[in-house]
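Step one of this worksheet: look at the structure below.
The values are calculated or read from the model by the stated rules, or taken from the named source; none is laboratory data. Because the structure is a prediction, the values reported are computed rather than measured. Positions of Cβ are backbone-derived with ideal geometry, glycine not excepted, and every protein chain shown enters the neighbour counts.
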Amino acid sequence: MQPEIRLVEPLGLRDKAQRTITWILLILVGIFIVAVWMFSLKMEYQNSGYQEAKTELMTPAEASETQEQIDAQLEESLWIYTASNVEASTYGWGERLNVHTFCGDVFDPDALTVALPAILSDRNLCGRTVKICRGETCIEAVANDGGPAGWTNRKIDMSQGAARAIGIDHPTIFKVDMYY
């Protein structure tokens, strides 16, 4: 039995054309993917809130006003939690209290301290500065206790000292804005 001999034709024109078309299609698909990716980056950049800087000249008064706005925005951005018009109360007016706060400090009713309900679940808030505003008067106090009780629906309890600093001179419930 003799082995079968086959003649192999050299690569024909048709195969070369198919290979060329395949490469061209792959390159076009790659270009399309890159274009879509670049478009998505452009949209993300535009939606990020970036605005180009003002290039026109400003008067010193306008520049000062702009700087004040920037400073105010920066100060606001430093606070993690902000709440407006929330109910607050006072404590330390003679009611029976623990000697130590939840954070371990000795309670001083005349100090600028506050109690936050969030401290009970996040002890990292112990010692955090809390900015409290009532009308035009603002103070900064230290959060060192847990409270008020959840059922009261109040967001902050203020020591006598903190309450007096914003104009409250007796036990009461009032509205404040707070930042911490």
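Quick look at the values:
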quantity: Hey, Glu136 at pLDDT below 90 and of a type in the set (D, E, K, R) or not; calculated: yes
quantity: Cβ pairs under 7 Å, 6+ apart, first in region 144-160 and within 13 Å of Leu125 (Cβ to Cβ), second small (Gly, Ala, Ser) and outside any strand (DSSP E or B); calculated: Asn144/Gly127
quantity: Residues of region 110-139 satisfying the condition of being among the charged types (D, E, K, R) and over 19 Å from the mean Cα position of the chain (by Cα); calculated: Asp110, Arg123, Arg134, Glu136
quantity: Any hit, region 126-140, residues being of a type in the set (Ser, Thr, Tyr), exposed (fewer than 13 other Cβ atoms within 10 Å of the Cβ) and out of contact with any Asp or Glu (no Cβ under 6 Å at 6 or more places or on another chain); calculated: yes
quantity: Residue in region 155-166 that is surrounded by fewer than 16 Cβ atoms within 10 Å (Cβ to Cβ), within 22 Å of Gly104 (Cβ to Cβ), touching a Ser or Thr at 6+ places or on another chain (Cβ under 8 Å) and not polar (S, T, N, Q) present; calculated: no
